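To start, the structure itself, in structure tokens.
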Amino acid sequence: MTERRVARRYDLSLPIVIRIPAERVADSQEGKTRDISTRGLYFVVEQDLVAGSDLEITLTLPAEITHGTEVFVRAQGKVLRVERRMEDGSERMGVAAVIERYDIIRGESAKA
């Protein structure tokens, strides 16, 4: 199989918050990224998502990575594929998503 990715992937395990805007519910899911690039990411959550769903993604790059203050990334994307996987002895959902748009917010202004 040929590698089709153009953007470099980084193996990063970061906390992530996912919300499905189409569900019109304020509920969000928390998970962890496994890898990330400027064009997409792979993350793991407990609940199932559906391929093709729109996503609102929020993640935090810690000061250790950014060499300064925390950097918050808010993104909109779409689920490309979902796969069941075992992690820490329980079943989780691995999700590959494309990032369609993102905003980078430095420091405290992201919490407003």
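The values are calculated or read from the model by the stated rules, or taken from the named source; none is laboratory data. Given the structure is predicted, the values throughout are model-derived calculations rather than measurements. Protein only, heavy atoms only, side chains kept; ligands, DNA and RNA dropped before computing areas. Shrake-Rupley method; radii C 1.70, N 1.55, O 1.52, S 1.80 Å.
Take residues that are open to solvent by 60 Å² or more (accessible area, probe 1.4 Å) and tell me which of the strands (runs of 3 or more DSSP E) falling wholly in region 22-72 contain 1 or more.
29-36, 54-61
Of all residues being among the hydrophobic types (A, V, I, L, M, F, W, C) and under 13 Å from Ile16 (Cα atoms) in region 73-82, which is least open to solvent (accessible area, probe 1.4 Å)? Just the residue, please.
Among residues in region 73-82 that are among the hydrophobic types (A, V, I, L, M, F, W, C) and under 13 Å from Ile16 (Cα atoms), the one least open to solvent (accessible area, probe 1.4 Å) is Ala75.
State the number of residues belonging to region 83-107 that are open to solvent by 50 Å² or more (accessible area, probe 1.4 Å) and on the phi > 0 side of the Ramachandran plot.
Number of matching residues: 2.
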